[in-house]
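The values are calculated or read from the model by the stated rules, or taken from the named source; none is laboratory data. What you see is a predicted model; the values in this text were computed from it and never measured. Please note: Cβ atoms are built from the backbone with ideal geometry, for glycine as well, and neighbour counts cover all protein chains shown. Please note that ligands, DNA and RNA were not included when accessible areas were found on the heavy atoms of the full protein model with its side chains. Shrake-Rupley method; radii C 1.70, N 1.55, O 1.52, S 1.80 Å.
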Amino acid sequence: MKIFFKLIYEIVCLVYSQVCTFFENSFLRRNFKSQLSLEKDGFLKITRKNKLNISKQNFDFVLNDNEMNFYSNKYQKKFILSKEQLNSTVRLIFDRQFCDFLTFQTGFKYSIDFFGAYQNFPIPKKYIDKPWYANHYHLDKPNSKNMLKLFIPMSEIGMNDGPLELIDINRKKQYLVGGLGDIFLCKLNVCPHKAGVPIEDNKTNLIMIQLNPSRKWRLNENLYQRQFKKEPKFTTLTNKFVRRMLFK
């Protein structure tokens, strides 16, 4: 019975993804150049040397000065930004230049639908088979293929610090290593991926933001409350029932 329901869920996710992707490509996509690297590879790293960066921003207030945090499980801590911190952080990242850059890369404007700040810790080998923080390869199936995720390191992330591991469209394995000022753009409904596990005494400090195609740039009014919950699924559908304010 469990296998049957899993199969039904897989079919629902597949149909949902295809329908949403078709609708977005047909009605929401603007001028688009298919040779751009995000579409060719499924991911793109914007380095701190790029003009489109946040290298001047220091995330110490999240790691050190943030009083609101909790453990989602014993190997992951979540940082909860205040509404003021969240608003200033989002607006710092998504300035007009960066929004225009994303639209140029993909042809879409977006709704900013989820924000999460995490600290991942090492997982003992005897527990590594359990999915503590998406540490097994998977696709973000209950989403459009145009759903875009941003990953922003809050400190240096090297090979020992549990970088995101991703299989790109060309079937090449990528490790998203970087530091303050770097931004990774990822299409995770088309690229299998998993959270890397830090080695002993190391940790991963990372922000993740989920974007979904929209007619205009919008900010989900549930963004603050969603920090306390798991990342939403079937977002294109559920967005019909939540308020989103104009952002840019």
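Points to keep in mind about this one:
- Qualifying residue in the stretch 175-183 (condition: within 30 Å of Arg30 (Cβ to Cβ), in contact (Cβ under 8 Å) with a residue 12 or more places away in the chain and of a type in the set (Asp, Glu)): yes
- Of all residues in the stretch 220-239, those that are on the phi < 0 side of the Ramachandran plot have Cβ atoms under 6 Å from Cβ atoms of residues that are open to solvent by 80 Å² or more (accessible area, probe 1.4 Å) and not in a helix (DSSP H, G or I), 6 or more apart or on another chain, in Glu221/Arg243.
- If you filter the stretch 63-86 down to residues that are in a loop (DSSP other than H, G, I, E, B) and open to solvent by 10 Å² or more (accessible area, probe 1.4 Å), you find that the one that is farthest from Asn205 (Cα to Cα) is Ser82.
- Selection of the stretch 158-173 for residues being within 26 Å of Phe79 (Cβ to Cβ) and open to solvent by 10 Å² or more (accessible area, probe 1.4 Å) yields Gly158, Met159, Asn160, Asp161, Leu164, Glu165.
- Selection count where residues are open to solvent by less than 40 Å² (accessible area, probe 1.4 Å) and not in a loop (DSSP other than H, G, I, E, B), scope the stretch 118-142: 3
- Tallying residues that are surrounded by fewer than 14 Cβ atoms within 10 Å (Cβ to Cβ), at pLDDT 85 or above and not aromatic (Phe, Trp, Tyr) within the stretch 1-43 yields 13.
- Residue check for Asn212: of a type in the set (S, T, N, Q) and more than 16 Å from Met154 (Cα to Cα): yes
- Every condition in (1) crowded, with 20+ Cβ neighbours inside 10 Å; (2) out of contact with any Ser or Thr (no Cβ under 6 Å at 6 or more places or on another chain); (3) under 29 Å from Val242 (Cα atoms) holds for Val90 except the one numbered (1).
- Flag if Asn189 is over 17 Å from Tyr133 (Cβ atoms), modelled with pLDDT of 95 or more and open to solvent by less than 30 Å² (accessible area, probe 1.4 Å): yes
- Qualifying residue in the stretch 111-127 (condition: under 30 Å from Arg29 (Cα atoms), without any contact (Cβ under 8 Å) to a residue 60 or more places away in the chain and not hydrophobic (A, V, I, L, M, F, W, C)): no
- Scanning the stretch 215-248 for residues that are of a type outside the set (D, E, K, R), open to solvent by 80 Å² or more (accessible area, probe 1.4 Å) and not in a helix (DSSP H, G or I) turns up Phe228, Leu246.
Yes/no per residue for (1) modelled with pLDDT under 90; (2) assigned to a loop (DSSP other than H, G, I, E, B):
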| residue | (1), (2) |
| --- | --- |
| Asn53 | yes, yes |
| Phe61 | yes, no |
| Ser88 | yes, no |
| Leu92 | yes, no |
| Gln97 | no, no |
| Gly116 | no, no |
